Each structure stands twice: as structure tokens, then as C-alpha cells.
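A short worksheet on the structure shown next.
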Amino acid sequence: MTTDTAPSADDFAGQYVRTLVDHWDDLIDWDRRRESEQGFFVDILAGAGARRVLDVAAGTGYHAVTLAQAGFDVTAVDGSAEMIERTRLNAARHGRTFPIVRSDWRRLRENIDGRYDAIVCLGSSFPHLFRESERRAVLAEFHEALNPGGVLVVDHRNFDAIRRHRYRSSGNYYYCGAGASVSVAHIDDRLCRFRYEFPSGDTHHLEVYPILSAELSNLLVDSGFASVEEFGDFDRDFDEDATDFIIHVARKP
Ligand code: SAM
């Protein structure tokens, strides 16, 4: 368990400096990411009967745009002004119009309109919360922002393996951009520092809390979610040492 001497959630926005945000879509490669997902998130949300979807970690807008294209009524949220600006540009580029809101997750409900059928928090964003008190407070916000029967889909890198020094990035999932590489510069049970290298030679670091899969599942249950399901790289059956990302699908009773 982390203590409250851990970095505060206030620090996340400072990590997304313009030079990293400018590179984010090189890191992702929207087409390859869409191919690798094979409609996983669309199927989960459609299967849950969701219509109003809140993407709380919009980043450059990849999921917000993809879900809007799939017919969901999307609202995009991010706490970083740089990312929000990029979501706006990418939504316009794809001819999509949806509400785009800058908000910190800790004050989410002050900034959104009513409740949603689904919340997605993807791309290993939730580990930006270092303090357990903040993780609990944010999950309570997400829970309150959902309609009864709504789903929360939240993912993270496979820190169970990374903490056992088995970092693996196949490059097949999420961050699929050719040439951009992500490595682990530091790992202990409180901090993971990733190093991002881009073909231009630029390097950046991102620091996150290396949350364990069971830790998040337990927090979801503690926060009032029921039937938490886990997937590894979009599969129900997965090998914990050969999986890049873990996805939790939790339903509000
Ligand atoms: N979901 C996108 C993707 O998969 O490409 C972006 C992922 S990026 C790793 C994490 C995102 O979460 C950033 O855009 C960051 O600004 C946002 N974020 C982190 N902590 C946040 C917080 N407390 N409130 C709002 N947004 C936050």
C-alpha cells in the first residue's frame, strides 16, 4: 500500500508536456491500434447496452473518435490542456463532434452532465494515481457518474509481470507505432518510470504507480462495483507473463 507521501495526482498534467503530446500519435498508430483491438471495446460497451459513453482519459482522442464512429454518444474528458487540444484537432480531422471537457478525475462530476452508461479509462491512465486515497476517491467519482447497470472499463500495463522484472511490450497492443519504443527505466513497488524513445531521437519519461491487477480488482469491489472481469490483451484466457495490458470490466449494480 502506498502512503500519502507518494506523488499527488496533481503532478500528472506536468508529465504531458507539448513535445510528448506531439509524439503521442506516433506512439499509438491509430490504424494498427484499431486492428489489434478488433472491436473489443465496442463489443464490451454494446454488450452492456451502453449508449452514453464517457472517455475519461481521452489523450489525443483515439477511443473517443473510434467510439463515436461506432455510434456511441461520446463525451471526452482529460485533465491535460495539451491533450484536450489534441483531442479537438483529431475529432475535427475525423469529422466528429462531441463534447470535449477538461477535468481532473477527482472533480469529474462538477464538470460533466448527468450520468453515463459506460466510462472508459484506457491506455494505462489510472496508474497516474499514486496514492491509494486518490485511487479510492476517483473510483467513487466514476461509480457516481455511472447509471445503475453501467460499466467501467479500466486498464493498465501488466505491472505484475513488470514488478517481477518481466517487462514485455510486444508492440502489438495499444502503443503500436513503428519506431517508437517504450522501456522500463526504473521499477519498484511504488514507482515505475517508463522511457519513451521516438524516431526523431527525442526521449521522454513518464512516472506511474505500478498497480497490481488484484489490487485494482479489490479496489473496484470495495468501491461498490460488482462482477469485475479481467482480460489480458483482450482475451479472457491469458498468460500473466506474456501479456502487455490487463483490462478490468466492472459493472455498477
Ligand atoms: N487514453 C489515451 C490513450 O490510450 O492513448 C491516453 C493515455 S495517457 C497514458 C494518460 C492520460 O490520462 C493523459 O492524457 C492524462 O492527461 C490523463 N490523466 C492522468 N491523470 C489524470 C487525472 N487525474 N485527471 C484527468 N486526466 C488524467
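Only the coordinates and a few stated rules stand behind these numbers; no lab work does. Since this is a predicted model, take the numbers as computed values, not measurements. We place every Cβ from the backbone using ideal geometry, glycine too, and count neighbours over all the protein chains shown.
Points to keep in mind about this one:
- What you get for segment 97-217, charging only the Cβ of Lys and Arg (+1) and of Asp and Glu (-1), is a dipole of about 260 debye around the Cα centre.
- Extension gain for ARG107 to ARG34 (0.36 nm times residue separation, less C-alpha to C-alpha distance): 23.2 nm.
- Pairs of alpha carbons in the chain whose separation is greater than 31 Å (percent): 15 percent
- Sites listed here are trypsin sites (Lys or Arg not before Pro) in segment 177-253 whose DSSP assignment is loop and whose Cβ has at most 16 other Cβ atoms within 10 Å: ARG190, ARG236.
- Gyration tensor over alpha-carbon atoms, segment 209-251, equivalent ellipsoid semi-axes in Å: 19, 12, 7
- Distance distribution note for segment 74-194: the fraction of Cα pairs above 20 angstrom is 55%.
- Look at ARG166, ARG109 and count the other Cβ atoms within 10 Å of each Cβ; fewest to most, that gives ARG166, ARG109.
- Segment 77-125 has equivalent-ellipsoid semi-axes of 19, 13, 11 Å, by the square roots of 5 times the alpha carbon gyration tensor eigenvalues, sorted largest first.
- In nm, spacing of pseudo-spin labels at HIS205 and ASP22 (7 Å Cα→C-beta vector): 2.1 nm
- Think of each Lys and Arg Cβ as +1 and each Asp and Glu Cβ as -1; about the Cα centre, that makes the dipole of the chain roughly 480 debye.
- Spin-label pair GLN15-ALA46: with each label point 7 Å from Cα along the Cα-Cβ axis, the two points sit 3.3 nm from one another.
- Relative to the Cα centre, the charge distribution of segment 95-156, modelled as +1 at Lys and Arg Cβ and -1 at Asp and Glu Cβ, gives a dipole magnitude of about 120 debye.
- Separation of alpha-carbon centers, segment 60-130 and segment 196-253, rounded to whole Å: 18 Å
- When the Cα positions of HIS205, SER124, SER103 are compared along the charge dipole of segment 102-253, SER103 comes out farthest toward the positive end, with charges on each C-beta of Lys, Arg, Asp and Glu.
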